[in-house]
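The values are calculated or read from the model by the stated rules, or taken from the named source; none is laboratory data. Note that the structure is a prediction, hence the values are computed from the model and not measured. Here Cβ is always computed from backbone atoms with ideal geometry, including for glycine, and neighbour counts include all displayed protein chains. Calculation scope for accessible area: heavy atoms of the full protein, side chains included, ligands and nucleic acids excluded. Shrake-Rupley method; radii C 1.70, N 1.55, O 1.52, S 1.80 Å.
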Number of protein chains: 2
Amino acid sequence: MPANLKDVAREAGLSPAAVSRHLNGSLDLPQETRARIEEAVQRLGYRPNPHARRLSLGRSDTITLIVPDIANPFFAALAATVERAASARGMIVQLHATSNLESREIAVLELAADHRSDGVVFCTNRRPGAAVAEAIAALPRAVIVDEAVPGASAPQVFADNAQGGYLAGRHLAEWRHRRVAYLGGDPMLMSTRQRAEGLERGLREGSEGAEVGVRILSGRHDVATGRALATALLDSGGDETAIFVGSDEIAIGVIETLRARGVRIPQDMSLISFDGARALHLYDPPITAVRQPARRLGERAVELLLDGDWDDRTLPELVEYLPVELVERASVAAPNTAEPG
Amino acid sequence: MPANLKDVAREAGLSPAAVSRHLNGSLDLPQETRARIEEAVQRLGYRPNPHARRLSLGRSDTITLIVPDIANPFFAALAATVERAASARGMIVQLHATSNLESREIAVLELAADHRSDGVVFCTNRRPGAAVAEAIAALPRAVIVDEAVPGASAPQVFADNAQGGYLAGRHLAEWRHRRVAYLGGDPMLMSTRQRAEGLERGLREGSEGAEVGVRILSGRHDVATGRALATALLDSGGDETAIFVGSDEIAIGVIETLRARGVRIPQDMSLISFDGARALHLYDPPITAVRQPARRLGERAVELLLDGDWDDRTLPELVEYLPVELVERASVAAPNTAEPG
DNA sequence: TGGATTTACTAAACCGATTTAGTAGACCTC
DNA sequence: GAGGTCTACTAAATCGGTTTAGTAAATCCA
């Protein structure tokens, strides 16, 4: 029903080729002819059919965004900037949520390939298997964001997890904490390892030779995991005086559990979160956190996708760490030495 | 480079038509022939080109989701269920953020039409003009969610705003509040009017004949608006003892401002929020809120889009209100009669 | 004035599916 | 053995663009 190129050409008394080439700027026409085309376009309300265009061009002017869960504020913030950056360039974004399922990850990566997506932004919370790395390698343009995909050949953009862990460690050490629990995601995750290492290093450097200890408990990045790990930590009767959590989601579960158990933050247990996508300054108590550059991550991914030199064979080896910052609030205090946690 | 239908046909010793029709189930072939096709598909790793398919079929197996801002937890939650429901049906979702700009709203609605989107889920925070209603009318399948579009011909799915306002009003009345401020979005918005009316009605019904008053201050649904309106309210020296806000975003700005001004919640000022997409139970104090069915809204929209009887001429007149609930926490208390707010 | 160049286009192939209308041959029936 | 029916397909048009290779006519240049 809508007018197509042929209609416009007929209306303007030209061939479809002439109209197409004029509209795409690959043909210089005299003023008078151009006017005829513009007028025909106006009169018929012509809008090119994007599917025909994509079929013909073999590309889709589309950015594919793959995240575990869009309801997670971190990924929502990232998605917001991906969308903004993409639409500013006339690109459309396709959104896929994987629920952290490998099968879904692979399925949507293959879909992106089928669609000749002009760029894929891939995020996962798991440590993906080789099949995911292969599916990514099959894409002409993809960037991996937030969590590493071992063996994948694509540029990667991360938060500076090691630095985040370090800042948390230093901060806790300054408050005289020596035993800290890290409650985070899968221990095989790059982010988990980097944060835990940074944490331990910061703790050590800030403790002036005192003995320090980091206990790692892991699960998934969700509220239920936060509850479960906090419960496990408390039940284990360890001597940790502070908790560093891997995400706001986990933090929520931890806070709920601590509160239910009557463990006061920060008097009985100090807490630092990692994310800062939520309004932690309004929490009770306001939660000290390492703020991840969620928006910047998304923006940078789109930049790489659209402005990167993809003929440069070294691009897929690029790894960037974007700066994080420690936002001090009120969930860290000196350990309560009176009683064991 | 990837194999196409013709390659598969050649490999199987058949015509492309036969292969296509078999793959789409419109042709019954003998077992042996079927096996030949399946094998060729396997061997060549054939995957249909979706753009060719779409061009040919005139549809796209795509749901278009249009929201003001995906970083807003309410829309993020809605998006999550839209994505889940859509992908469960083999549909892809295209995401557009409008930043509440009419020009963007119209542009993306037109894009959706160009793409022969199989369904559009449209959300706005503004009171859109006639041009938006027209752009929606031009779509074969669209549903309007969360906020009304005057004059649009499309099914609409809302939270039960009037009931939400009523519940808040009753609750405040029970705590002896008589003067309440509603800080919300544009007063021309259907949601604003419904909530304010419900609020007043609830307040009146709960106040046993006492005189009640509702003051409405409005702006946009964001944190900055919350700060500005709270400041205006406080500076105006009114006698309101409670604030009912139109969204968690506004609530955040209000809480920040109250805190900065030394106005205690709930001792000096009670507060009820509307949304509940955030972790309000961890706030200081835990914030009583009317919880919107964000996820259900998204789910219902996709249901209507995909299972609705679109031949039924009355469908575009459908209006549904999904139930809300009041979650009582600790931000409401009896008014402090000692001093004026 | 005749060949070379430039201007202003166009014919037709192509992207990769779907689908309508039909056909060749086997079998069945009377 | 003629006509009808059924089986197993296929030829070719179509969706609506883009692009390559080319052409007719006008202009330039010597």
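Summary of computed values
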quantity	calculated
Rg/Rg_ref, region B:215-341, where Rg_ref = 2.2 N^0.38 Å and atoms are Cα	1.31
Segments A:317-325, B:60-68 sorted - mean Cβ within 10 Å per residue, highest first	B:60-68, A:317-325
Sparse-neighbour loop sites [trypsin sites (Lys or Arg not before Pro); region A:244-341; at most 11 other C-beta within 10 Å; DSSP]	A:ARG313
Chain pair A, B: total accessible area buried, heavy atoms, 1.4 Å probe, Å²	4000 Å²
Carbon + sulfur, % of accessible area of the protein assembly as shown - ligands and nucleic acids excluded, 1.4 Å	49 percent
Average beta-carbon neighbours from other chains, 10 Å sphere, peptide A:68-80	6
Pairs of Cα atoms farther than 50 Å apart, the protein assembly as shown, %	20 percent
Coordinate range along principal axes, alpha carbons of chain A, Å, largest first	91, 39, 33
Rg/Rh (Cα only; Kirkwood hydrodynamic radius) as it applies to region B:46-124	1.01
Mean separation of Cα contacts under 8 Å, 6 or more apart, over the residue count of region B:239-333: relative contact order %	33 percent
Inter-centroid distance (Cα atoms) of region B:208-234 relative to region A:11-38, Å	56 Å
For residues of B:280-290, the mean tally of beta carbons on other chains within 10 Å	3
Mean shadow area of region B:267-341, taken as a quarter of the surface of its Cα convex hull (nm²)	7.0 nm²
Probe 1.4 Å, protein heavy atoms only - accessible area per residue of region A:5-56 in square angstrom	61 Å²
Separation of alpha-carbon centers, region A:99-114 and region A:245-261, rounded to whole Å	31 Å
Average partner coverage of B:81-91, which counts Cβ from other chains inside 10 Å	3
With eigenvalues of the C-alpha gyration tensor scaled by 5 and rooted, region B:107-155, Å	16, 11, 9
Label-point separation in nm, B:LEU318 to A:LEU44, each point 7 Å along Cα→Cβ	3.6 nm
Sites B:ALA18 and A:ALA52 - FRET efficiency at Förster radius 30 Å, r taken between beta-carbons, to 0.05	0.75
Region B:161-292: translational diffusion in µm²/s, Stokes-Einstein, Kirkwood Rh over Cα pairs, 20 °C, 1.002 mPa s	152 µm²/s
Estimated [θ] at 222 nm from DSSP helical runs (n ≥ 4, -39500 (n - 2.57)) normalised by residues in the protein assembly as shown, nearest 500	-13500 deg cm²/dmol
Percentage of interatomic Cα-Cα distances in region B:148-195 larger than 15 Å	54 percent
At most 11 other Cβ within 10 Å, DSSP loop - GluC sites (Glu not before Pro), region A:137-242	A:GLU208, A:GLU211
Estimated translational D of region B:5-56 in µm²/s (Stokes, Kirkwood radius over Cα pairs; 37 °C; 0.692 mPa s)	297 µm²/s
